[in-house]
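The values are calculated or read from the model by the stated rules, or taken from the named source; none is laboratory data. Here the structure is a predicted model, which is why all the values come from computation and not from measurement. Glycine also receives a Cβ, built like all others from the backbone with ideal geometry; neighbour counts cover every protein chain displayed. Calculation scope for accessible area: heavy atoms of the full protein, side chains included, ligands and nucleic acids excluded. Shrake-Rupley method; radii C 1.70, N 1.55, O 1.52, S 1.80 Å.
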Amino acid sequence: MRIDKMLANLGYGSRKEVKQLLKSGAVKVNDVVVKDAKQHVEPNQETVSLNGEVIEYKEFIYLMMNKPQGVLSATEDNSCETVIDLLELEDQVYEPFPVGRLDKDTEGLLLITNDGQLAHRLLSPKKHVPKTYFAVIDQEVTEEDVRAFTDGVTLDDGYKTKPGELKILKSGLRSDIELTITEGKFHQVKRMFEAVGKKVVYLQRISMGPLALDETLELGEYRELTEEEIQLLSEYQVK
């Protein structure tokens, strides 16, 4: 990779600004000053430093966010705050994007990365990656609903969903449930409950494939995935 591209990718300025940095002699590769913007480096094998500070280069970034309500699962929007707006600049420079989307008023687990191959694997309809949601329903959820979801319900547009695994955590005038589905249709969880005459009043995604929401993350907070979590995602196969 060209040294100027590497530095620009890491947020050390535009290509023009990076060239000025190089000309000033502030950049070294293996303790040798490099001034030529076109010089190629092996970021994972050679030591690159700026003003004496070693630069850590990584090609991909993997972030877990606890998405709050009112924020769009998008990279940019003219009128609404997006999940990318919640990231620090040092993470934004990797140009990550949300893997799939959570509705604006839905909270919970959102994976953000710039690894297109991983995102494609997790989102491909052929893969049937399970996603589990916690929801509060404004009516009593019954065993009849559990059976209906197991069979798949017909949405308002005539589409019959694949089977969903519905667990009743608390049943009453307001019910707490967990629902695992393998699809990602628009507003799917809400529409599945509408299909049985009930309404979702709170929705939170708690897991996606092998990845579970870190409960220590406050709403709007995020962290990098651990090496173990990245490995789990990269090796994940739906049974």
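Centre-to-centre, using Cα atoms only, the stretch 13-38 and the stretch 182-197 are separated by 53 Å. When DSSP beta bridges are restricted to pairs lying wholly in the chain, around 95% turn out antiparallel. Taken about its Cα centre, the chain carries a charge dipole of about 800 debye when Lys and Arg each add +1 at the Cβ and Asp and Glu each add -1 at the Cβ. For q = 0.16 Å⁻¹, what log10 I(q)/I(0) does the stretch 127-239 give under the Debye formula with an equal point scatterer on each alpha carbon and no solvent? Debye curve over Cα of the stretch 127-239, log10 I(q)/I(0) at q = 0.16 Å⁻¹: -0.79. Rounded to the nearest whole Hz, the Karplus-based 3J(HN,Hα) values (6.51 cos²θ - 1.76 cosθ + 1.60, θ = phi - 60°) of the stretch 44-59 follow the sequence 8, 10, 10, 8, 10, 10, 10, 6, x, 9, 5, 9, 8, 10, 9, 6, with x at glycine and proline.
In the complete set of protein chains, residue-level accessible area for Asp91 is approximately 20 Å², probe 1.4 angstrom. Each of Asn78 and Val93 was given a label point 7 Å from its Cα along the Cα-to-Cβ line. The distance between the two points is 3.0 nm.
According to the Kirkwood relation over distinct C-alpha pairs, the hydrodynamic radius of the chain is 20.3 Å. A DSSP coil position with no more than 13 other Cβ atoms inside 10 Å describes the following trypsin sites (Lys or Arg not before Pro) in the stretch 1-41: Lys38. Taking 7 Å steps out from each Cα toward its Cβ at Lys127 and Asp36 produces label points 4.1 nm apart.
Once amide H atoms are built 1.01 Å from N in the peptide plane, which residues 5 or more positions from Gly108, or in another chain, come under 5 Å H to H? Answer set, sorted by chain and number: Lys67, Arg205.
Taking all protein chains in place and a 1.4 Å probe, what share, in percent, of the accessible surface of the stretch 109-239 do carbon and sulfur account for? Carbon with sulfur: 49 percent of the solvent-accessible area. The loop-placed GluC sites (Glu not before Pro) in the stretch 38-68, going by DSSP, that have at most 16 neighbouring Cβ atoms within 10 Å of their Cβ come out as Glu46, Glu56, Glu59.
Annotation: lysines with alpha-carbon distance below 28 angstrom to Lys38 (same-chain offsets under eight excluded): Lys5, Lys16, Lys19, Lys23, Lys28, Lys58.
Taking label positions 7 Å along the Cα-Cβ direction at both Lys160 and His120, the computed distance is 3.2 nm, reported to one decimal.
Amide hydrogen proximity for Tyr202: with H placed 1.01 Å from N in the peptide plane, the residues at 5 or more positions away or on another chain lying under 5 Å are Val136.
Sequence neighbours fewer than 8 away in the same chain don't count; with that in mind, list the aspartates and glutamates whose C-alpha is under 18 Å from Lys198. Counting by Cα, and skipping residues close in sequence, Lys198 has these aspartates and glutamates nearby: Asp105, Asp138, Glu140, Glu143, Glu144, Asp145, Asp151, Asp156, Asp157, Glu165, Asp176, Glu178. Note on the chain: helix-only mean residue ellipticity at 222 nm, from DSSP H runs of 4+ residues weighted -39500 (n - 2.57) and normalised by residue number, equals -6000 deg cm²/dmol.
Solvent exposure of the chain, expressed per residue, is 56 Å² of accessible area, with all protein chains present and a 1.4 angstrom probe. Taking 0.36 nm per residue of separation and subtracting the current Cα-Cα distance, fully stretching the chain between Glu194 and Arg147 would add 15.4 nm.
Counting only Cβ charges, +1 for Lys and Arg and -1 for Asp and Glu, the dipole size of the stretch 62-200 around its Cα centre is about 640 debye.
Taking a Cβ cut-off of under 11 Å around Asp105, the surrounding Lys, Arg, Asp and Glu residues balance to a net charge of +1, with basic ones at +1 and acidic ones at -1.
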